[in-house]
Amino acid sequence: MNGTPTPRRSARRRLGALVRKETRQVVRDPAAILIAFVLPIVLLFLFAFAVSLDVQGVRLGVVLESDAAEAQSLAAAFGATRYFEAVPARDRREAAPRVVAGELGGFVVIPQDFERRLAARTGDPIVQVITDGSMPNTAKFVSSYAEGVVTSWLAGRGGLAEPPVSLAPRFWFNPEIESRRFLIPGAIAIVMAMIGTLLTALVVAREWERGTMEALISTPAGIFEILLGKLVPYFALGIIASLGCALVAIGLLDVPLRGSWLALLAMSSAFLVAALGQGMLISALARNQFVAAQVALLSGFLPALLLSGFLFEIDSMPAIIRGITYVVAARYYVASLQTVFLAGDAWSVFLPNMLAMLAIGAVFFGITALKTRKSLD
């Protein structure tokens, strides 16, 4: 009796054999290694340097219609700030065509009667700022910073009275207001959403194409054993890839990690359950590598990019779209990563997000188990 394996021991042996088989397959598969280790780093650098909400060095036309000393002083103030690259002009008709052609982000007109307007102190505008509204982000930047340059110049020459209330803004978590600091953690989530989905979608679909999946189904192993045996190696691979992305973000891209590695590991683990489950469901439905890759990109990358809050505020979306975001696992991962990197360990934020990601993953694995029957019909 002691030599006869119990059903539980047999299940453990089968699961261990499946995990070892999948691990060897991962190690021998260059495509999986490239997807897990090379592609995330490349995508992370692309997000770091190609996607930025910081605007600096905007070419701004400075139309100086007055030859007064004060007008020239204001024009010099526009040229002295690092946010603008001042392009001098004598007539607004010189600057307007360059804005239309996209050569300038806008232009400032210092009018001929600048001295009179300045001396009148009636509150009327003393300069005119025209921006290119086809690029709203740049237009707002040019408008607000041009106003700031004028305000600072007036204050420097004593042209502004001391305000009754002094406002001193203070920014928590990202005091430099550097967009890279909050874009990179979100980019890690987007990259891992695509990588995690592709890893399992392509590899399992390849097994369907080659017939090895049918061979696995014909063994005594149950469906959940097969799915778990495939999940464990790719889960480990995804964890290594996510930690590698975090190291690149901290060491090379100068993003601080104010939280703990334990919190980062816990959130990444919960997210990978959802991402890998989605990939396995795609492979179970498609059973073709080309179709699986297309569906993985469309269902993994695009929702993560557009509906996770990475680039677009979820609260500003229509109610129907906001409802859809609740079933996008990347929504919870982006918020958690930005918190752990910039704010620290906030488990009141992490735990609900982790439960939501695990629930999404459980739904994906449940549907996959139903679709992957122990039969070939």
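For the reader, a short list of remarks on this structure follows.
- For the range 305-325, a residue qualifies if it is of a type outside the set (A, V, I, L, M, F, W, C) and touching a residue at least 12 places away in the same chain (Cβ under 8 Å), and the qualifying residues are Ser308, Gly309, Thr325.
A quick yes/no check of all residues on (1) within 15 Å of the chain's Cα centre (by Cα); (2) at pLDDT 90 or above:
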site	(1), (2)
Ile250	no, yes
Leu257	no, yes
Leu264	no, yes
Ser269	no, yes
Val273	no, yes
Gln278	no, yes
Ala284	no, no
Ala293	no, no
Phe312	yes, no
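- Unmet criterion (only one of (1) touching a helix residue (DSSP H, G or I) at 6+ places or on another chain (Cβ under 9 Å); (2) outside any helix (DSSP H, G or I)) for Ala241: (2)
- Only listed residue being surrounded by 15 or more Cβ atoms within 10 Å (Cβ to Cβ) and either over 23 Å from Pro303 (Cα atoms) or in the same structural domain as Ala201 (by TED's automatic domain parsing) (or both), chosen from Gly344, Gly361, Gly323, Gly366: Gly361
The values are calculated or read from the model by the stated rules, or taken from the named source; none is laboratory data. Since this is a predicted model, take the numbers as computed values, not measurements. Neighbour counts are summed over all protein chains in view; Cβ atoms, including those assigned to glycine, are modelled from backbone coordinates with ideal geometry.
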